[in-house]
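Structure first, then comments.
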Amino acid sequence: MKRRLQAGYAAGYTLVEVMITVAIIGILSAVAVPAYTDYVTRGRLAEAFTALGLAQASAEQFWANNRTYAGFDEASAFPAASANFTYALSGASTSAYTITATGQGKADGFVYTINQSGTKATTGSPTGWGTSTTCWVDRKGGACSN
């Protein structure tokens, strides 16, 4: 059956229907945007984890060739700074080293380390992420998956 419009009224949505739609979109956005932001941040952190893991293996190769870790930061295998992290070698000697990844830009506040024993640590992170002396924190609340 065809519905006829009364004279003077146009077909469309009522203000209540529009307001309900806007409210639903607002609620979905309030949940989705923070979750997406955390997801993107975790993706940036993976860069540091990969670089530090590769640097540890490269440091062992450097030691096998030179019998010291001193000077490893000048080697071509040492991780180069990126938009998200800078890397530094500290405590380098014939038997020890610590490589530190320090966040910058969108990863600002994160600080990860690895040493000659393979000990991973999160020594700094933004509020809500947490730190650890035994792993690299990659989720809010201090959770580690590595």
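Ordered by residue, what ³J(HN,Hα) values in Hz, to whole numbers, does segment 96-109 give under the Karplus form 6.51 cos²θ - 1.76 cosθ + 1.60, where θ = phi - 60° and Gly and Pro are x?
Along segment 96-109, the couplings run 8, 6, 9, 9, 10, 10, 10, x, 8, x, 6, 10, 4, x Hz.
Segment 63-84 to segment 96-129: how many Å between their Cα centroids?
Using only Cα atoms to place each centre, the spacing works out to 17 Å.
How much net charge surrounds Gly141 when only the other residues with a Cβ under 15 Å from the Cβ of Gly141 are counted, with Lys and Arg +1 and Asp and Glu -1? Write out the running numbers ahead of the final one.
Values: positive: Arg42, Arg139, Lys140; negative: Asp38, Asp138.
Residues near Gly141 contribute +1 overall.
Spelling out what I want: for every residue of segment 79-92, take phi, set θ = phi - 60°, compute 6.51 cos²θ - 1.76 cosθ + 1.60 (Karplus), and round to whole Hz; glycine and proline get x.
Rounded to whole hertz, the list is x, 8, 4, 10, 5, 9, 9, 10, 10, 9, 9, 9, x, 6.
What's the longest bit of the chain with no exposed trypsin sites (Lys or Arg not before Pro), using DSSP loop states and at most 14 other Cβ atoms within 10 Å as the test?
Details: sites that count: Lys2, Arg3, Arg4, Arg67.
For trypsin sites (Lys or Arg not before Pro) (loop position, at most 14 other Cβ atoms within 10 Å), the longest site-free span of the chain is 68-146.
Provide the per-residue ³J(HN,Hα) series for segment 126-141, in order, calculated from phi with Karplus coefficients 6.51, -1.76, 1.60 and θ = phi - 60°, each as a whole number of Hz, with x at glycine and proline positions.
Residue by residue, segment 126-141 yields x, 3, x, 8, x, 10, 7, 9, 10, 7, 9, 5, 10, 9, 4, x Hz.
Roughly what angle does helix 15-66 make with the longest principal axis of the chain, taking Cα atoms, 0 to 90 degrees, to the nearest 10?
10
Nearest 0.05, what FRET efficiency do Leu54 and Ala143 give at R0 = 25 Å with Cβ-Cβ as r?
Working: r = 24 Å, r/R0 = 0.94.
Between Leu54 and Ala143 the formula returns 0.60.
With a 1.4 Å probe and all protein chains kept in place, how do Val33, Val40 rank by accessible area, largest first? All intermediate terms of the calculation are to be shown ahead of the outcome.
Details: Val33 90, Val40 45 Å².
Greatest to least solvent exposure: Val33, Val40.
With a ≥ b ≥ c the root eigenvalues of the C-alpha gyration tensor of segment 88-146, is it rounded (a/c under 1.5), prolate (a/b larger than b/c) or oblate? Let's see the in-between values first.
Working: a/c = 3.21, a/b = 1.64, b/c = 1.96.
The shape class here is oblate.
Once amide H atoms are built 1.01 Å from N in the peptide plane, which residues 5 or more positions from Gly124, or in another chain, come under 5 Å H to H?
Here the answer is Val111, since their amide H atoms fall under 5 Å of that of Gly124.
If you stretched the chain out fully between Cys135 and Thr94, how much longer would it get, using 0.36 nm times the residue separation minus the C-alpha to C-alpha distance? Could you put the intermediate results ahead of the total?
Details: separation 41, 0.36 × 41 = 14.76 nm, distance 2.49 nm.
Fully extending the segment from Cys135 to Thr94 adds 12.3 nm.
Search the structure for amide H atoms under 5 Å from the amide H of Ala81, placed 1.01 Å from N in the peptide plane, and list their residues when 5 or more places away or on another chain.
Residues meeting the criterion, in which the H sits 1.01 Å from N, are Tyr87.
Sort Phe78, Phe85 from largest to smallest accessible area, using a 1.4 Å probe on the heavy atoms of the protein chains. If you can, show how the numbers build up before the last one.
Details: Phe78 25, Phe85 0 Å².
Result, largest first: Phe78, Phe85.
Starting from the amide H of Trp136, placed 1.01 Å from N in the peptide plane, find each other amide H under 5 Å away whose residue is 5 or more places distant or on another chain.
Long-range HN contacts for Trp136: Asn146.
What is the chain's relative contact order, in percent, from Cα pairs under 8 angstrom and six or more apart in sequence? Let's see the in-between values first.
Working: 202 pairs, mean separation 19.1, N = 146.
RCO, the chain: 13 percent.
At a threshold of 8 angstrom on Cα-Cα distance, excluding pairs fewer than six apart, so keeping six or more, what relative contact order does segment 61-146 reach in percent?
Answer for segment 61-146 is 15 percent.
The values are calculated or read from the model by the stated rules, or taken from the named source; none is laboratory data. Just so you know, these numbers come straight off a predicted model, no measurement behind them. Heads up, the Cβs are rebuilt from the backbone with ideal geometry, glycines too, and the neighbour counts pull from every protein chain shown. SASA here: full protein model, heavy atoms, side chains in, ligands and nucleic acids out. Shrake-Rupley method; radii C 1.70, N 1.55, O 1.52, S 1.80 Å.
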